[in-house]
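Worksheet: one structure, shown below.
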Amino acid sequence: MEEERAIFESVKDFLRKRPRASVIEVSEQTGVPVSKIREYVREGRLVAASDDWKVACERCGREVERGRYCPDCLAELERELAPARPVEKREMVYTPRERMKVHWDRFRRR
Ligand SMILES: [Zn+2]
């Protein structure tokens, strides 16, 4: 884990000095494999500054600056993953006719 941190730091340090370096350049200069550097972008630890750094969305293949998914897929996935929840009674939508009925039921109960 320490070593892993040191590898990431070396990439970060290099980018601080050469912010416009390509992925290949960083890999050659730091000895960190290109696949590892792309992993950092996927993990969101690095953000792409140029097209060369972008990674493909794992769902639709569109290029993204960081992370595993593009914003569109992320929004869709979040919707899919959102747990189903019971609707609170006060959130229920009544048609005007139903609302009248509810009103009358309440009235009658008094
Ligand atoms: Zn996508």
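The values are calculated or read from the model by the stated rules, or taken from the named source; none is laboratory data. For clarity, every value in this text was computed on a predicted model and none was experimentally measured. Positions of Cβ are backbone-derived with ideal geometry, glycine not excepted, and every protein chain shown enters the neighbour counts.
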*Residues of region 19-37 being modelled with pLDDT of 95 or more and basic (Lys, Arg), which ones?*
LYS36
*asked:* As an exercise: evaluate ARG68 against (1) surrounded by 11 or more Cβ atoms within 10 Å (Cβ to Cβ); (2) part of a loop (DSSP other than H, G, I, E, B); (3) modelled with pLDDT under 90 and give the number of the one condition it does not meet.
replied: (3)
_region 23-38 residues that are free of Cβ contacts under 8 Å to residues at least 24 places away in the same chain and farther than 17 Å from ARG68 by Cβ, paired with ones that are surrounded by 14 or more Cβ atoms within 10 Å (Cβ to Cβ) and basic (Lys, Arg) (beta carbon under 9 Å, 6 or more apart)_ = SER27/LYS36
*Checking GLU9 against (1) modelled with pLDDT of 95 or more; (2) loosely packed, with under 12 Cβ neighbours inside 10 Å; (3) within 16 Å of the ligand (Cβ to nearest atom), which test does it fail?*
(3)
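Look at region 43-64 and say how many of its residues are within 13 Å of the ligand (Cβ to nearest atom) and either part of a helix (DSSP H, G or I) or surrounded by fewer than 17 Cβ atoms within 10 Å (Cβ to Cβ) (or both). Lay out the reasoning, then the answer.
Filtering region 43-64 for residues within 13 Å of the ligand (Cβ to nearest atom) gives 54-64.
Among the residues that remain, those that are also either part of a helix (DSSP H, G or I) or surrounded by fewer than 17 Cβ atoms within 10 Å (Cβ to Cβ) (or both) are: 56, 58-63.
Of the residues in region 43-64, 7 are within 13 Å of the ligand (Cβ to nearest atom) and either part of a helix (DSSP H, G or I) or surrounded by fewer than 17 Cβ atoms within 10 Å (Cβ to Cβ) (or both).
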